[in-house]
Amino acid sequence: QVQLVESGGGLVQAGGSLRLSCAASRSIVNFSAMGWYRQIPEKQRELVATITSGGSTTYADSVKGRFTISRDNAKNTVDLQMNSLKSEDRAVYYCNARGWLGLPDYNRWGQGTQVTVSS
């Protein structure tokens, strides 16, 4: 099983930037997609951004134009660059890996990293 470790979270002022990183213990080229999700208390975990093995990206409407997901296959990392942060971006952010060798039901999560935005 792949291990996913998130880092880069912290406290940032509204309008500022953070860069989150997800380090995988196995080659990420074997996953159909990698992604970032977020969750706040009393709400369901929601998609933030995904990137497929082919490089196609998907973003939640709320982060389009502000967040950028990227992948480094040599380092087995997936980053999320977050700019123009808003208070509504406050959440625990989770790294996700799906589709190991094309298996549609493969789904792994990291432990999460906290992002707090001050106003």
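For segment 89-119, the set of residues classified as outside any strand (DSSP E or B), touching a helix residue (DSSP H, G or I) at 6+ places or on another chain (Cβ under 8 Å) and either at pLDDT below 95 or over 12 Å from Val48 (Cβ atoms) (or both) consists of Leu101, Ser119, listed by residue number. Among the residues of segment 6-26, those that are over 14 Å from Arg38 (Cβ atoms), in contact with a strand residue (DSSP E or B) (Cβ under 7 Å, 6 or more places away or on another chain) and either surrounded by fewer than 16 Cβ atoms within 10 Å (Cβ to Cβ) or hydrophobic (A, V, I, L, M, F, W, C) (or both) comprise Ser7, Gly10, Leu11, Val12, Gln13, Ala14, Ser17, Arg19, Ala23, Ala24.
Only one entry of Val48, Val29, Val2 meets the criterion of being among the hydrophobic types (A, V, I, L, M, F, W, C) and surrounded by fewer than 14 Cβ atoms within 10 Å (Cβ to Cβ), and that entry is Val29.
Residues considered: Ser70, Ser84, Ser62. Of these, the only one that is open to solvent by less than 70 Å² (accessible area, probe 1.4 Å) and part of a strand (DSSP E or B) is Ser70.
Taking Glu42 as the residue in question, decide whether it is modelled with pLDDT under 95 and within 24 Å of Ser119 (Cα to Cα). When the stated conditions are applied, Glu42 passes them.
The values are calculated or read from the model by the stated rules, or taken from the named source; none is laboratory data. Keep in mind the model is a prediction, meaning the values are calculated, not measured. Neighbour counts are summed over all protein chains in view; Cβ atoms, including those assigned to glycine, are modelled from backbone coordinates with ideal geometry. The protein model used for the area step is the full one, side chains on, heavy atoms only, and it has no ligands, DNA or RNA in it. Shrake-Rupley method; radii C 1.70, N 1.55, O 1.52, S 1.80 Å.
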